[in-house]
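Accompanying notes for the structure given below.
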Amino acid sequence: MCGIFGFAGPPARVERISLSDAIRALKHRGPDGDGSYLSPPGDQRRCALVHTRLAILDLTEAGRQPMHSPDGRYVITFNGEIYNFWDVRRELEAMGGTFSSACDTEVILGGYALLGPAILGRLRGMFAFGIWDDHEKKLFLARDRIGVKPLYYTVSDEGFGFASEVRALLKTGVAPSRVSREGLDRFLAFGSVVDPLTLVDGSNSLLPGHYLEYDGHARVSKYWSLPGEATNAPELQEVPVLLSPTIRDSVSLRLISDVPVAVFLSGGFDSSAVAVTSARAKKPEPIRTFTITFDEADYDESRYAGAVAREIGSTHREVLLHGNEIRNDVDASFAAQDQPSHDGFNTYFISRAVRQAGLKVALSGVGGDEVFAGYSSFREFGKYLSAGRWGRPIARSFGSLLERHFASRSVANKWKKALGLLTAGGEARKVYSVLRGVFSGYQADSLVKAAYRLSPDSRRDTGDEFEISTDPVNALSYLEITGYLRQTQLRDIDAMSMAHALEVREPLLDHILIESVFSLPGRYKVRSGRQKPLLVDSVPELARICVDRPKMGFTLPFEVWFRNQLRPWVESTLFGEGAEELPFLDMTEVRRLWTRFLRDGSDVSFSRIQTLVSLVAWCRRHGVTR
């Protein structure tokens, strides 16, 4: 796992790019080495590439980047892991390709030289990379299918820049320190910025499953999308037989490493499935598992994680987080965010513990809820759609009036959600926005000053274009995978783990596994009285070790901490010196929400406060104050 940066454009502009600034901005992602490349002078378009390395595969200098093709035509800077690179390498060798290292980077580079963009269809893994073609003076960027690895870019008359993190674009002056009105609007709506937007004006995220070519003009193309449901699905009893080897294969591939590998273990079905399968693959060598524990019993999962660890015989470590200790680390954890978010801090602290234990790689169970229909909303989504269709006349006649009335009063959040579902008109995206939303459009407008507001008709759906399934379970699975999972969880996991130079791998997000599960009818995934039946039946040990395990979210007790140990820090961040430097926020309204949160909290969730704290802290830290 690494940090990448590049810029292509007129020679004079490229020569002004500070490659040392780019390296410093990304060094936390790759402390094991760094390198840079500047294309030869004499052309109307030049390119600079930067790489910071976290050495996981082929620890020798043969894995150093930016890496050149043997003829010098192509140069790559790559972030990620290609788990099937030996298979791809053998295929390329049969086509005449030659290789001198034992790393996946060279396979991507050689594959692009032989096949062009078609190489993407052969790669199984997580990746974001840029390749410069010095003959055609063209950049090629690509991002993995699910969006595990981030890739941001900005296009202007001065040229084209890209990086693993928005912060690197800001640090090098490639992106302006100016807030995006649309990015801000979508951030307040969901607590994280929605692809392809960023919070920075003029900068975008390359959508997962897409590639981009730049030769003076940027062109984006799609190479993969989530599949539709199969017309001839297998019988239910046959499914575990089909999925079990795919899960085993996915986990086994992600255990391939030239350094030791750990597992994040909460004791829930998803992380337990990964831990159990890892232990089975690594026998007789015990795996290492880590979990976070709290003094607050409602959030503590250590008893479940401990039971799983004993069952599989792992070397287990519990990391206790006290609210008082968090006060010393809260600035650093918020500073780790590449873009502001209302989530992700659990990954920051568990990643720190794993890295302090001397490990560079950890496996996570993230994605299990979205792929295997684990959230309670999967059971109710069809009802929400039906209620919305019934409520369409109300929405047309009174929707905006009711929203304004409820938003300005101390009404419990559950009733505001119920109103939102009723007035969503039965449209899947709108219903999902209510379920995952942080601030409604009216609430967001009250927080943003007039010059930065979007008109209601200019608010648009962002993300992938996809015909949402008529099966409500699969419709919600698609929305969760392309929504909360990608926009919040994966982005936060990347930033928070890489703050400690830790590579996190997600076996349950293997694209072959997702294609298999996504093609099945929703009724297979949601069955009365059982959590994640397809996953449990495909990893039989789960039925025994997680049988009495209630559904819990892997979250930190910020609601408690914000009212107690972290209250002085929150108030200093929101209302202390420098808060008024953000001209786009109405700080009077922010203070009103904070007061309501402290008084009761039933109508102002802690996620709203965390969204605002994160926004203010990030913008001030990175100088995005206009």
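The values are calculated or read from the model by the stated rules, or taken from the named source; none is laboratory data. The shown structure was predicted, so the numbers you read here are calculated from the model rather than taken from an experiment. In this analysis, Cβ positions are derived from the backbone assuming ideal geometry, glycine residues included, and neighbour counts consider all displayed protein chains. Areas reflect the complete protein model, heavy atoms only, side chains present, ligands, DNA and RNA absent. Shrake-Rupley method; radii C 1.70, N 1.55, O 1.52, S 1.80 Å.
Would the stretch 143-151 turn up any residue that is of a type outside the set (A, V, I, L, M), open to solvent by 10 Å² or more (accessible area, probe 1.4 Å) and more than 13 Å from L206 (Cβ to Cβ)? No, because not a single residue in the stretch 143-151 is of a type outside the set (A, V, I, L, M), open to solvent by 10 Å² or more (accessible area, probe 1.4 Å) and more than 13 Å from L206 (Cβ to Cβ).
The residues of the stretch 616-626 that are in contact with a helix residue (DSSP H, G or I) (Cβ under 7 Å, 6 or more places away or on another chain) and either surrounded by fewer than 17 Cβ atoms within 10 Å (Cβ to Cβ) or assigned to a helix (DSSP H, G or I) (or both), listed by number, are V616, A617, R620, R621, T625. Counting only helices (runs of 4 or more DSSP H) that sit completely within the stretch 478-545, those holding 3 or more residues that are open to solvent by 20 Å² or more (accessible area, probe 1.4 Å) and under 21 Å from A305 (Cβ atoms) correspond to 542-545.
Listed here are the residues, each with its yes/no results for (1) in contact with a Lys or Arg (Cβ under 8 Å, 6 or more places away or on another chain); (2) aromatic (F, W, Y); (3) at pLDDT below 95.
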position: R24; (1), (2), (3): yes, no, no
position: P41; (1), (2), (3): no, no, yes
position: D58; (1), (2), (3): no, no, yes
position: G63; (1), (2), (3): yes, no, yes
position: S69; (1), (2), (3): no, no, no
position: D87; (1), (2), (3): no, no, no
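Among helices (runs of 4 or more DSSP H) entirely within the stretch 364-474, having at least 2 residues that are modelled with pLDDT of 85 or more and open to solvent by less than 20 Å² (accessible area, probe 1.4 Å) singles out 368-372, 377-390, 428-436, 441-447. Here the stretch 217-255 is the region considered, the condition is being under 14 Å from I512 (Cα atoms) and among the charged types (D, E, K, R), and the residue that is least open to solvent (accessible area, probe 1.4 Å) is R254.
Among the conditions (1) touching a Phe, Trp or Tyr at 6+ places or on another chain (Cβ under 6 Å); (2) farther than 30 Å from E515 by Cα; (3) buried (at least 20 other Cβ atoms within 10 Å of the Cβ); (4) not β-branched (V, I, T), the only one that D300 does not satisfy is (3). Sub-7 Å Cβ pairs linking a first residue in the stretch 241-265 that is more than 13 Å from L508 (Cα to Cα) to a second residue that is polar (S, T, N, Q) and open to solvent by 20 Å² or more (accessible area, probe 1.4 Å), at least 6 apart or interchain, are L242/S516, ordered by first then second residue.
Within the stretch 339-362, count every residue that is more than 30 Å from S278 (Cα to Cα) and surrounded by fewer than 24 Cβ atoms within 10 Å (Cβ to Cβ). Give the derivation first.
First, the residues of the stretch 339-362 that are more than 30 Å from S278 (Cα to Cα): 339-342.
From what is left, the residues that are surrounded by fewer than 24 Cβ atoms within 10 Å (Cβ to Cβ) are none.
Number of matching residues: 0.
Let me confirm something: among E165, E158, which residue is at pLDDT 95 or above and either surrounded by fewer than 24 Cβ atoms within 10 Å (Cβ to Cβ) or over 16 Å from D215 (Cβ atoms) (or both)? When all the criteria are applied, what remains is E165. Does R530 count as under 23 Å from S377 (Cα atoms) and modelled with pLDDT under 90? It is true that R530 is under 23 Å from S377 (Cα atoms) and modelled with pLDDT under 90. Scanning the stretch 578-604 for residues that are open to solvent by less than 30 Å² (accessible area, probe 1.4 Å), within 21 Å of D343 (Cα to Cα) and part of a loop (DSSP other than H, G, I, E, B) returns G601, D603, V604. Cβ contacts < 9 Å: first residue farther than 17 Å from A336 by Cα, restricted to the stretch 348-361; second residue among the basic types (K, R) and part of a loop (DSSP other than H, G, I, E, B), any location; separation 6+ or different chain. Result? Every condition considered, the pairs that remain are V361/R254.
Note on the stretch 15-125: enclosed helices (runs of 4 or more DSSP H) holding 1 or more residues that are of a type in the set (S, T, Y) and within 25 Å of V220 (Cα to Cα) are 104-115. Within the stretch 1-44, the residues that satisfy the criterion of being closer than 15 Å to L139 by Cα and under 25 Å from the mean Cα position of the chain (by Cα) are I4, F5, G6, F7.
Please count how many residues of the stretch 66-87 are farther than 18 Å from I131 by Cα and out of contact with any Leu (no Cβ under 6 Å at 6 or more places or on another chain).
3
When each of A55, A48, A94 is tested for being on the phi < 0 side of the Ramachandran plot and in contact with a helix residue (DSSP H, G or I) (Cβ under 6 Å, 6 or more places away or on another chain), the lone residue that passes is A48. The set of residues from the stretch 58-88 being without any contact (Cβ under 8 Å) to a residue 60 or more places away in the chain and open to solvent by 30 Å² or more (accessible area, probe 1.4 Å) comprises T60, E61, A62, R64, H68, P70, D71, W86, D87.
If you go through the stretch 226-245 and pick out every residue that is charged (D, E, K, R) and part of a loop (DSSP other than H, G, I, E, B), you end up with 2. With the condition kept exactly as written, say whether any residue in the stretch 38-47 is open to solvent by 40 Å² or more (accessible area, probe 1.4 Å) and of a type in the set (A, V, I, L, M). Yes, there is a match, as at least one residue in the stretch 38-47 is open to solvent by 40 Å² or more (accessible area, probe 1.4 Å) and of a type in the set (A, V, I, L, M).
Every residue, every condition in (1) within 24 Å of V193 (Cα to Cα); (2) modelled with pLDDT under 95, yes or no:
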position: L502; (1), (2): yes, no
position: L542; (1), (2): no, yes
position: V547; (1), (2): no, yes
position: G553; (1), (2): yes, yes
position: E559; (1), (2): yes, yes
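State whether the residues of the stretch 324-331 include one that is buried (at least 19 other Cβ atoms within 10 Å of the Cβ), β-branched (V, I, T) and over 30 Å from L170 (Cα atoms). No, the conditions are met nowhere in the stretch 324-331.
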